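Note sheet for the following structure.
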Amino acid sequence: MTADTGAVTLGVAAVSEPDPAVTGNVPDDTARGVPAELAEHELTELTELAARLRLAVGRLNRRIRIDGHEATPPLQLSALVTVEQHGPLRLSELARREAVTAPTMSRVLAALDEQGLVIRTPDPNDARGVRIVLSDLGARRLNEVRSTRTALVARRLQRLTADQRRLLGDALPALEALLVDDDDPC
């Protein structure tokens, strides 16, 4: 990993001032006082940054999952986190939040229920429905996974120089801003 300060600086600027070329609101370049070739150059830099960031985050996430040797598949873990954050939830609401179909979520919940990680409780508003809540075992499993993954990332951070760790810390607000969707109902 190299200390590419240009990429970090550009990433912060891209979040704090969205590039109109990316958002689709492209004003007349002459009105902005920006030559057309500069705007194209900025778009190229932004695209390159996006590709590098996607690749780095994806590979780091995959390494953490592999090194963690977790028995619980990613969608099951994600469902547990969603239930923890937003529960109790109906199956349909959990499926919507996880962006999967109801049959897929039904299979996920069956596996989680079989492991004792969730509890199905009657829905007080619908006698036919159930709501999903996290069990004590499910909460412990999430804490174990989080602890393991945090330790794995900490070990990888030790490989970096102090300047690289500082740059990562400085970039965290921008990275966290990338996680927020404009239309996120959650």
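The values are calculated or read from the model by the stated rules, or taken from the named source; none is laboratory data. Since the structure is predicted, the reported quantities are computational estimates derived from the model, not experimental observations. With ideal geometry, Cβ positions are generated from the backbone for all residues, glycine too; neighbour counts draw on all protein chains shown. With ligands, DNA and RNA removed, areas are computed over all heavy atoms of the protein, side chains included. Shrake-Rupley method; radii C 1.70, N 1.55, O 1.52, S 1.80 Å.
Out of all the residues in the stretch 147-159, is one or more open to solvent by less than 50 Å² (accessible area, probe 1.4 Å) and either over 22 Å from the mean Cα position of the chain (by Cα) or under 15 Å from Ser78 (Cβ atoms) (or both)?
The answer is no, given that none of the residues of the stretch 147-159 is open to solvent by less than 50 Å² (accessible area, probe 1.4 Å) and either over 22 Å from the mean Cα position of the chain (by Cα) or under 15 Å from Ser78 (Cβ atoms) (or both).
So, in the stretch 86-103, exactly how many residues are open to solvent by 40 Å² or more (accessible area, probe 1.4 Å) and either more than 23 Å from the chain's Cα centre (by Cα) or without any contact (Cβ under 8 Å) to a residue 24 or more places away in the chain (or both)?
Residues that pass the stated criteria total 7.
In this structure, does Arg107 turn out to be at pLDDT below 95 and either over 21 Å from the mean Cα position of the chain (by Cα) or exposed (fewer than 15 other Cβ atoms within 10 Å of the Cβ) (or both)?
no
Please count how many residues of the stretch 46-60 are without any contact (Cβ under 8 Å) to a residue 40 or more places away in the chain and either open to solvent by 70 Å² or more (accessible area, probe 1.4 Å) or not in a helix (DSSP H, G or I) (or both).
Total meeting the criteria: 6.
Going by the conditions given, is Gly129 open to solvent by less than 40 Å² (accessible area, probe 1.4 Å), within 19 Å of the chain's Cα centre (by Cα) and among the small types (Gly, Ala, Ser)?
no
Tell me whether the stretch 91-101 contains one or more residues that are closer than 20 Å to Arg140 by Cα, out of contact with any His (no Cβ under 7 Å at 6 or more places or on another chain) and not in a helix (DSSP H, G or I).
no
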